[in-house]
Amino acid sequence: MVASSRVAEASPTFPDDTALIQRCLGGDTQSFQVLYRRYQSRVRGTLYRLCGPTHLDDLVQDVFLRVWRGLPRLRQPQLFGVWLYRIALNVAADHRHQAGLQRDQQRTLAAQGHHHTDPLDLNHCHYQDLVERGIRQLPFEQRAVLILHDLEDRPQKEIAEILKIPVGTVKSRLFRARAALRQFFADEGVHL
Amino acid sequence: MTTPLPDDPQLVSFLRQHQSPVPAPALDLEARLLATLPPHVAPRSAGRRWPFVLAIGAAALWGLGQVLIPARQPETLRLATVETHLEESWSHVFSAHAEPWTTEPLP
């Protein structure tokens, strides 16, 4: 299966996810720690791009708490990666509903001002800000597909499994997201 | 297998080149997470459902028995009638033999 092969690619280390999950089900928190360290970076990146830096730690913690609680109901441990992404997107969607997109955008921009203080690379900072704003102005469904596909290299079939939508819908959302981004950049004076 | 290759390389390259770095997590995030893990509650497996299934089965059998018992009553009544008849007949025979001995002694 594509998804399982991708997950295997993503986590070639030993022990594999299935073995770790079995140990977690026995209450082994050290095995869960290994899973956390294996995946937290990707989860964190996805959540950051979807939700911004506000509450990022809380969101990551929420994802892995849901993972721990949901492990006894995980029927296909070999698809752990797909399942984990699905949880991360659900957490991001919940956060979006709770916090409100507009307020988050403002906080994101304010937080970014603290992150990029190098005066020698203002042009790069400008483009970073542009990319962030461009991605954030996309509808959540398009943003999720664009981030997973274009920034995190997930194949379309896996994205379809994560979001539980047909591959054709993934393609159409990706197409619309890119078109909207191109238009946004053009409106900002950046022509690719 | 679907191809992971981007089909809008200029746009994708621009996005990747200028995406913001992800902020580092708090130093104690991992420790906090591990400290808040609740104990696992095992899911209801098929094996654990057996007592429940057996209880339901027993209750169903008992209910079925309650429904069928009235249907057996005529047979029970017939048996009771036969028993009464036998007892009466036996008593009659017994009393017929016993009567001469108990009423008047032989001269």
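For A:D187 and A:H124, the difference between the fully extended length at 0.36 nm per residue and the C-alpha to C-alpha distance is 20.9 nm. Couplings for segment A:72-88, taken from phi via the Karplus curve 6.51 cos²θ - 1.76 cosθ + 1.60 with θ = phi - 60°, read x, 9, 6, 8, 10, x, 5, 9, 4, x, 4, 4, 5, 4, 4, 5, 4 Hz in order; Gly and Pro are left as x. Treating r as the C-beta distance of B:Q10 and A:F14 and R0 as 35 Å, the FRET efficiency rounds to 0.30.
The three principal axes of the C-alpha atoms in segment A:115-192 carry coordinate ranges of 45, 24, 18 Å, sorted with the longest axis first. Projecting label points 7 angstrom from Cα along Cα→Cβ for B:Q17 and B:V67 puts them 7.8 nm apart. Cβ crowding within 10 Å, taken as a proxy for footprinting-reagent exposure, orders B:L33, A:L65 from fewest neighbours to most as A:L65, B:L33.
Taking label positions 7 Å along the Cα-Cβ direction at both B:L54 and A:Q30, the computed distance is 3.8 nm, reported to one decimal. The gain in end-to-end length when the A:T169 to A:Q22 segment is fully stretched comes to 49.5 nm, 0.36 nm per residue minus the alpha carbon separation.
Coordinate-derived values only; no laboratory data. This one's a predicted model, so the numbers in the text were calculated from it and none came from an experiment. We place every Cβ from the backbone using ideal geometry, glycine too, and count neighbours over all the protein chains shown.
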